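Sending over a structure as structure tokens; questions will come in a sec.
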Amino acid sequence: MLKKTLAAAGLAALLAAPAAAQYDVAAPAPAGFDRAATGRATLAHLQNLIRLDTQNPPGNEALTAAYFDSVFRTVPGVETHVLNVAPGRANFVARLRAGRATKKPVIVMGHMDVVGADSAKWETNPFVPTIRGAHLYGRGAIDDKGMLAAALVAMQELARDRGRMTRDVIFLATAAEEGGPSVGIDSVVEHHRELLGGAEFALNEGGRIRVRDGAIRTVNIQTTEKVYYNVVATATGTGGHGSVPLPGNALAALARAVNRVHEWKPPVRLIETTRLYFNRLAATERNAEMRAAMQALTAPGATQAQIDRAAATLSREPLHNAVLRTGASLTLLNGGFRANVIPSEGKATFNVRIVPGEDIRQVVAEMNRVGGEPSVRFAVEGDPLPAPAPSPVATELYRSMESAARAMAPNAVVLPFMSTGATDGAVLRGAGIPTYGILPMPLAEEDEIRMHGDNERVPVAALGWAAEYLYRVLSGVAR
Ligand SMILES: [Zn+2]
């Protein structure tokens with residue numbers, strides 16, 4: 001009976017309000033903030049940004065830097081810097097000066113490059129912004145031009161009231177986030193540190209606001225990310241003619257060691273962020289067994305045996321498994337050069353993502369032990385940097401992100417989050433600036449998974465939501 005009523009009510013709601021109900025904000029708009037106008041402005045800027053082809057490689061972010069420069073130059077109280085780094089490549093900084101600056105600046109940042117697009121697989125031209133139904137299609141609509149457009153509009157809105165602001169807001173747009181030479185955030189931190197103004201904290205991409213069944217369910221604020229290394233296994237043995245099988249075949253030893261490491265489950269390692277994450281995620285989990293495991297994992301005083309049992313259940317889900325522990329994925333296998341020659345060497349590469357706080361050298365020592373082949377040595381590639389510390393959840397910026405989310409989506413669960421992928425945020429954290437990740441457009445999974453894929457798109461109604469969210473977060477720390 002109850003089920004039937006709910007189904008009927010759901011259908012009625014669907015017919016009455018097609019797609020955008022989840023973007024209706026219960027709270028009144030902030031004073032002086034025109035929702036319709038800021039929504040239109042965010043859409044227009046995003047369309048302009050999509051038209052600028054910044055596929056990386058080659059990047060050509062200087063196009064976008066020039067666009068931002070032309071827009072920000074007209075905003076009172078803003079000074080701009082185009083930082084040319086290489087032909088066609090630039091970073092961009094705009095600083096909005098507060099009327100009553102008593103606190104250190106806050107940074108809001110995004111990256112200007114996008115990943116390549118396989119036009120043949122797209123329904124639209126990826127570099128011609130196209131509205132179809134409720135969505136805007138185009139490369140970068142989600143990653144990361146949508147956030148840049150929303151941040152730009154939030155800055156314009158803040159500027160109208162800068163006399164009351166207590167800290168400067170620094171807009172930072174970077175090059176080369178999607179890979180390639182160090183011409184992006186590394187270059188800004190290394191050569192233009194002064195433009196970061198001794199910022200107290202920063203807001204970047206990397207989190208998620210998730211929509212399910214027509215409502216915003218979770219607001220995931222990224223406080224840290226797994227740290228990326230490549231570990232290469234090198235097997236050596238006696239080479240020879242394929243006509244005489246040899247017991248010490250390097251490739252066979254490599255295969256055994258590689259398989260053992262692939263099967264290996266590193267120990268569960270919970271940190272403040274992941275403990276809170278699973279604890280709060282339990283409230284939104286629909287599967288009873290998973291929900292119980294999340295509660296058991298984070299229960300005060302849980303024993304190691306209870307934690308391991310709960311983790312075993314959660315680890316059936318690959319993403320949960322990746323959040324619970326260090327992960328090693330086999331990504332490259334190289335060996336041999338002729339069908340009738342036993343090679344004397346073979347190599348395998350594992351992409352290893354460690355939980356912050358772990359030491360890659362210990363992880364590699366463990367891989368050598370687990371591999372268990374005297375003729376196979378695992379070693380980390382390059383000169384590994386230590387992992388930056390996670391950003392604390394007790395800062396003014398984190399709290400502002402939390403309260404803006406609660407005002408705009410009161411039924412959503414807000415939780416800190418460790419991303420398994422890498423962003424520019426790690427570089428700022430490494431430079432001592434606590435950095436929080438959010439993707440301010442609330443997205444359903446079917447849209448989120450198009451990031452880096454074909455037919456990337458964003459719901460048009462999510463853009464105004466994103467600009468308002470960033471405006472609320474920034475004014476929360478700058479007033
Ligand atoms: Zn991105």
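May I ask you to list the residues in region 168-190 that are away from the ligand (no atom under 14 Å from the Cβ) and outside any strand (DSSP E or B)?
Across region 168-190, the qualifying residues are 168, 181, 182, 183, 186, 187, 188, 189, 190.
Which of the residues that make up region 410-424 are part of a loop (DSSP other than H, G, I, E, B) and in contact with a Phe, Trp or Tyr (Cβ under 6 Å, 6 or more places away or on another chain)? Give the derivation first.
First, the residues of region 410-424 that are part of a loop (DSSP other than H, G, I, E, B): 410-412, 420-424.
Answer for region 410-424, where residues must be part of a loop (DSSP other than H, G, I, E, B) and in contact with a Phe, Trp or Tyr (Cβ under 6 Å, 6 or more places away or on another chain): just 422.
Each row is one residue, and each column tells you yes or no for (1) touching a residue at least 60 places away in the same chain (Cβ under 8 Å); (2) of a type in the set (S, T, N, Q).
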position	(1), (2)
268	no, no
284	yes, yes
304	no, yes
313	no, yes
318	no, no
335	yes, no
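Let me ask something else. Being charged (D, E, K, R) and either in contact with a Phe, Trp or Tyr (Cβ under 7 Å, 6 or more places away or on another chain) or touching a residue at least 24 places away in the same chain (Cβ under 8 Å) (or both) narrows it down to one residue among 369, 361, 377; which is it?
On the way: 369 fails: either in contact with a Phe, Trp or Tyr (Cβ under 7 Å, 6 or more places away or on another chain) or touching a residue at least 24 places away in the same chain (Cβ under 8 Å) (or both); 361 fails: either in contact with a Phe, Trp or Tyr (Cβ under 7 Å, 6 or more places away or on another chain) or touching a residue at least 24 places away in the same chain (Cβ under 8 Å) (or both).
Of 369, 361, 377, the one residue that is charged (D, E, K, R) and either in contact with a Phe, Trp or Tyr (Cβ under 7 Å, 6 or more places away or on another chain) or touching a residue at least 24 places away in the same chain (Cβ under 8 Å) (or both) is 377.
When the residues of region 433-462 are narrowed to those that are among the aliphatic types (A, V, I, L, M) and over 20 Å from residue 222 (Cα atoms), which ends up surrounded by the fewest Cβ atoms within 10 Å (Cβ to Cβ)?
Within region 433-462, the subset among the aliphatic types (A, V, I, L, M) is 433, 438-439, 441, 443-444, 449, 451, 458, 460-462.
Going one step further and asking which of them are over 20 Å from residue 222 (Cα atoms), we end up with 458, 460-461.
Working: 458: 27, 460: 21, 461: 19.
If we take residues in region 433-462 being among the aliphatic types (A, V, I, L, M) and over 20 Å from residue 222 (Cα atoms), then 461 is surrounded by the fewest Cβ atoms within 10 Å (Cβ to Cβ).
Per-residue answers, yes or no, for (1) out of contact with any helix residue (DSSP H, G or I) (no Cβ under 9 Å at 6 or more places or on another chain); (2) in a helix (DSSP H, G or I); (3) over 17 Å from residue 475 (Cα atoms); (4) away from the ligand (no atom under 16 Å from the Cβ):
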{"site": "131", "(1), (2), (3), (4)": "no, no, yes, yes"}
{"site": "146", "(1), (2), (3), (4)": "no, yes, yes, no"}
{"site": "157", "(1), (2), (3), (4)": "no, yes, no, yes"}
{"site": "166", "(1), (2), (3), (4)": "no, no, no, yes"}
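Here's the yes/no breakdown for (1) touching an Asp or Glu at 6+ places or on another chain (Cβ under 9 Å); (2) over 17 Å from residue 157 (Cα atoms); (3) more than 16 Å from the ligand (Cβ to nearest atom):
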position	(1), (2), (3)
61	yes, yes, no
65	no, yes, yes
77	no, no, yes
83	no, yes, yes
94	yes, no, yes
114	yes, yes, no
123	yes, yes, yes
126	yes, yes, no
141	yes, yes, no
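Please enumerate the residues belonging to region 382-409 that are modelled with pLDDT of 95 or more, assigned to a loop (DSSP other than H, G, I, E, B), of a type outside the set (A, V, I, L, M) and farther than 14 Å from residue 356 by Cβ.
Across region 382-409, the qualifying residue is only 395.
Something else now. Please indicate, with yes or no, whether at least one residue in region 232-252 is closer than 30 Å to residue 168 by Cβ, touching a residue at least 40 places away in the same chain (Cβ under 8 Å) and away from the ligand (no atom under 16 Å from the Cβ).
Looking only at region 232-252, we keep the residues that are closer than 30 Å to residue 168 by Cβ, and these are none.
No, because not a single residue in region 232-252 is closer than 30 Å to residue 168 by Cβ, touching a residue at least 40 places away in the same chain (Cβ under 8 Å) and away from the ligand (no atom under 16 Å from the Cβ).
Can I ask one more? Given the criterion under 26 Å from the mean Cα position of the chain (by Cα), among the aliphatic types (A, V, I, L, M), at pLDDT 95 or above and exposed (fewer than 15 other Cβ atoms within 10 Å of the Cβ), identify the matching residue among 93, 128, 115. Steps first, please.
Working: 93 fails: exposed (fewer than 15 other Cβ atoms within 10 Å of the Cβ); 115 fails: exposed (fewer than 15 other Cβ atoms within 10 Å of the Cβ).
Only one candidate qualifies: 128.
Right, another one. Has region 98-109 got at least one residue that is within 16 Å of the ligand (Cβ to nearest atom) and either of a type in the set (Gly, Ala, Ser) or farther than 26 Å from residue 427 by Cα (or both)?
The answer is no; no qualifying residue exists.
Taking region 329-353 on its own, how many of its residues are in a strand (DSSP E or B), out of contact with any helix residue (DSSP H, G or I) (no Cβ under 6 Å at 6 or more places or on another chain) and of a type outside the set (D, E, K, R)?
Matching residues across region 329-353 total 11.
Just checking, which of 477, 427, 473 is in a helix (DSSP H, G or I) and at pLDDT below 95? Quick ask: steps written out before the conclusion?
Details: 477 fails: at pLDDT below 95; 473 fails: at pLDDT below 95.
The unique qualifying residue is 427.
Now, a different point. Looking only at region 383-407, filter to residues that are buried (at least 21 other Cβ atoms within 10 Å of the Cβ) and not hydroxyl-bearing (Ser, Thr, Tyr); which one of those is nearest to the chain's Cα centre (by Cα)?
390
Okay, next question. Looking at region 396-417, can you tell me whether even one residue there is within 16 Å of the ligand (Cβ to nearest atom) and under 20 Å from residue 220 (Cβ atoms)?
Initial filter on region 396-417 (within 16 Å of the ligand (Cβ to nearest atom)): 417.
Still in the list and also under 20 Å from residue 220 (Cβ atoms): 417.
Taking every residue of region 396-417 in turn, at least one turns out to be within 16 Å of the ligand (Cβ to nearest atom) and under 20 Å from residue 220 (Cβ atoms).
Shifting gears a bit: Of all residues in region 191-220, how many are among the small types (Gly, Ala, Ser) and within 16 Å of the ligand (Cβ to nearest atom)?
First, the residues of region 191-220 that are among the small types (Gly, Ala, Ser): 197-199, 202, 206-207, 214-215.
In the following step, the residues that additionally are within 16 Å of the ligand (Cβ to nearest atom) were identified as 202, 206-207.
Within region 191-220, residues that are among the small types (Gly, Ala, Ser) and within 16 Å of the ligand (Cβ to nearest atom) number 3.
What number of residues within region 280-294 are surrounded by fewer than 17 Cβ atoms within 10 Å (Cβ to Cβ) and either of a type outside the set (Gly, Ala, Ser) or within 16 Å of residue 221 (Cα to Cα) (or both)? Can you show your working first?
Keep residues of region 280-294 that are surrounded by fewer than 17 Cβ atoms within 10 Å (Cβ to Cβ), which gives 283-289, 291-292.
Now restrict to residues that are either of a type outside the set (Gly, Ala, Ser) or within 16 Å of residue 221 (Cα to Cα) (or both): 284-287, 289, 291.
Count: 6.
From the residues in region 448-458 that are acidic (Asp, Glu) and within 15 Å of the ligand (Cβ to nearest atom), which one is modelled with the highest pLDDT? Let's see the steps before the verdict.
Filtering region 448-458 down to residues acidic (Asp, Glu) leaves 448, 454, 456.
Remaining after also requiring within 15 Å of the ligand (Cβ to nearest atom): 448, 456.
Working: 448: 94, 456: 98.
Checked region 448-458; the qualifying residue modelled with the highest pLDDT is 456.
Output the strands (runs of 3 or more DSSP E) that fall wholly within region 194-296 and possess 1 or more residues being touching a His at 6+ places or on another chain (Cβ under 8 Å), or say none.
Once the strands (runs of 3 or more DSSP E) in region 194-296 are filtered for at least 1 residues that are touching a His at 6+ places or on another chain (Cβ under 8 Å), nothing remains.
Return a yes/no flag: does region 229-240 have any residue that is within 27 Å of the chain's Cα centre (by Cα) and hydroxyl-bearing (Ser, Thr, Tyr).
So the first thing to find is which residues in region 229-240 are within 27 Å of the chain's Cα centre (by Cα), and the list is 229-232.
Remaining after also requiring hydroxyl-bearing (Ser, Thr, Tyr): 229.
Yes, the conditions are met somewhere in region 229-240.
Moving to a separate point now. Only one residue in 94, 66, 90 is touching a His at 6+ places or on another chain (Cβ under 9 Å), small (Gly, Ala, Ser) and within 15 Å of residue 148 (Cβ to Cβ). Which one? Spell out how you get there, then give the answer.
On the way: 66 fails: touching a His at 6+ places or on another chain (Cβ under 9 Å); 90 fails: touching a His at 6+ places or on another chain (Cβ under 9 Å).
Just one listed residue meets the conditions, 94.
The values are calculated or read from the model by the stated rules, or taken from the named source; none is laboratory data. Please read all numbers here as calculations on a predicted model, not as lab measurements. Note that each Cβ is placed from the backbone with ideal geometry, even for glycine, and that neighbours are counted across all protein chains shown.
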